[in-house]
1. Does at least one position in region 370-386 carry a residue that is assigned to a helix (DSSP H, G or I) and within 17 Å of the chain's Cα centre (by Cα)?
2. Which members of region 368-395 meet the condition of being open to solvent by 30 Å² or more (accessible area, probe 1.4 Å) and out of contact with any Asp or Glu (no Cβ under 8 Å at 6 or more places or on another chain)?
3. Determine which member of the set Glu277, Glu365 is buried (at least 18 other Cβ atoms within 10 Å of the Cβ), among the acidic types (Asp, Glu) and modelled with pLDDT of 70 or more.
4. Can you pull out the residues in region 231-245 that are open to solvent by 60 Å² or more (accessible area, probe 1.4 Å), closer than 16 Å to Trp360 by Cβ and aliphatic (A, V, I, L, M)?
5. Would you mind finding the one in Gly267, Gly263, Gly291 that is open to solvent by less than 10 Å² (accessible area, probe 1.4 Å) and touching a His at 6+ places or on another chain (Cβ under 6 Å)?
6. Restricting the search to region 204-230, which residues are over 19 Å from Val346 (Cβ atoms), more than 20 Å from the chain's Cα centre (by Cα) and open to solvent by less than 20 Å² (accessible area, probe 1.4 Å)?
7. State whether one or more residues within region 395-409 are part of a helix (DSSP H, G or I) and modelled with pLDDT under 55.
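The values are calculated or read from the model by the stated rules, or taken from the named source; none is laboratory data. Just so you know, these numbers come straight off a predicted model, no measurement behind them. In this analysis, Cβ positions are derived from the backbone assuming ideal geometry, glycine residues included, and neighbour counts consider all displayed protein chains. Only protein heavy atoms, including side chains, enter the accessible area calculation; ligands, DNA and RNA are left aside. Shrake-Rupley method; radii C 1.70, N 1.55, O 1.52, S 1.80 Å.
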Amino acid sequence: MLTTITEGILCCLTGKAARLVLPLESTEPSDGFEFVEVKPGRVLRVRHIVPERQTVISNDYAAAREQKDAVHDEPKNDTNSGVHCKRKITVYRNGQLVIENLGDVLHSEILQCQDGDLEPCSTVEVELADYKDLASSPDPNPVPPPVPPPPGEQKPAPPPRRRRRKPKRTVLIDSKRVISSCKGTHSDVALFFVHGVGGSLDIWSSQLDFFSRLGYEIIAPDLAGHGASTAPQIAAAYTFYALAEDLRAIFKRYARKRNILIGHSYGVSFCTFLAHEYPDLVHKVVMINGGGPTALEPSLCSIFQLPSCVLHCLSPCLAWSFLKAGFAHQGAKEKQLLKQGNAFNVSPFVLRAMMSGQYWPEGDEVYHAELTVPILLVHGMCDKFVPMDEDQRMAEILLFAFLKVIEEGSHMVMMECPDTVNTLLHEFFLWEPDMSKKDSGKTDMEKCVAFSDSLRMPRISKSNDK
């Protein structure tokens, strides 16, 4: 989702050799770390924190999980949290995207009227990835100007009928989703944390400590070539699809009945992929500084297309650039965060391959508009990598999306403002819609206000005058 030029500056301390990992046979949990072989010779380090209330741990994790689910599952009242998601997405040949919400969704798109009032609107018209005005797109069926009547005639000739545009593609979504509170005491809830380019699971240290103390089961992997995972010396190992398959294997191994995905930067794309692939297993998603809902495509004129040896020489400049652009302040605290553990420690070869492998044409706006899972968007106001309007664009496209802006945060907001981010995420995990009879008389606008206020988040105005 991020542009390939800016995303790679996350790799601050490049130039170090590939890191060693424990032998594959040493996969027993040690201080919460496990080593999982997702493919032959491709081993990922995973931080797996299991609450003390769950005492069944074995090599056959899937069998143990089913056993625990049968014993510990808690009865839930789903009558007040059922949401009917019905949506029609139409794509025209000129790039226009029309989204119509047809079901009883909790919040409607909001039309900003000329007099300043807010009115519910069930249709949103936007442009696809180029973000251009509709006026700049040529009409596929232009209407010719009226022909003036010849001299001596009183009635002008009737204008020709405008033919109805034929859509290039139409997507229909009709599903019912149960949105419930996810507490650490629930035995069927798991949190997945996915980092971006150049990071590692260490960037989530504050979040892992906070939510593990609350009793959540936590899974945080290192991507291939990052942290303590193996670093294959082949560029094909770092394409989007290769990394997505790694995370698919991790997700299938540890997934529970209700899973919450938390992604940062490039990691947001993988969370979107998993939410799209497993809609019944993914309960909620958190996107932190992920950017707009555009298809990924590597830049051919990026600095990260330089040879690995050149990137090795430029590593001090990359580290300084990231410190200036990735953090709102550049003090001793931020410098210490860069040095913690294996965060931002990746070889030049891995850096170059990661940036060149960001190719995901399927991840366009229609792909994101098909998601029906509730999504929390977190944006650092001082982020110099991801513009504010990209996350706003994402909030407009998604069905259940709420954007929270942290004024004192930047691209690494979860490291700069851990308490704020942890509180925000926890409120989102605990949130569930109130569809009780006492609210049955409320309008869509009132439900939208109540939904936003329940998370203490600002509402995002959506307009169809794109």
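1. Let us first name the residues in region 370-386 that are assigned to a helix (DSSP H, G or I), namely none.
So far as region 370-386 goes, no, none of its residues is assigned to a helix (DSSP H, G or I) and within 17 Å of the chain's Cα centre (by Cα).
2. First, pick out the residues of region 368-395 that are open to solvent by 30 Å² or more (accessible area, probe 1.4 Å): 370, 381-382, 384, 387-390, 392.
Within region 368-395, Glu370, Lys384, Pro387, Met388, Asp389, Glu390, Gln392 meet the criteria.
3. On the way: Glu277 fails: buried (at least 18 other Cβ atoms within 10 Å of the Cβ).
Exactly one residue qualifies, and that residue is Glu365.
4. Step one: filter region 231-245 for residues open to solvent by 60 Å² or more (accessible area, probe 1.4 Å), giving 233-234, 236, 241, 245.
Filter once more, so that each one left must be closer than 16 Å to Trp360 by Cβ: 236, 241, 245.
Within region 231-245, Ala236 is the sole residue that qualifies.
5. On the way: Gly263 fails: touching a His at 6+ places or on another chain (Cβ under 6 Å); Gly291 fails: touching a His at 6+ places or on another chain (Cβ under 6 Å).
None of the others qualify; the one that does is Gly267.
6. Matches in region 204-230: Gly215, Tyr216, Glu217.
7. Restricting attention to region 395-409, the residues satisfying the condition of being part of a helix (DSSP H, G or I) are 395-397.
Still in the list and also modelled with pLDDT under 55: none.
No: region 395-409 contains no residue that is part of a helix (DSSP H, G or I) and modelled with pLDDT under 55.
For (1) within 13 Å of Leu371 (Cβ to Cβ); (2) touching a Phe, Trp or Tyr at 6+ places or on another chain (Cβ under 9 Å), each residue gets a yes or a no:
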site	(1), (2)
Ala244	no, yes
Phe251	no, yes
Tyr254	no, yes
His264	no, yes
Leu274	yes, yes
Tyr278	yes, yes
Met287	yes, no
Gly292	no, yes
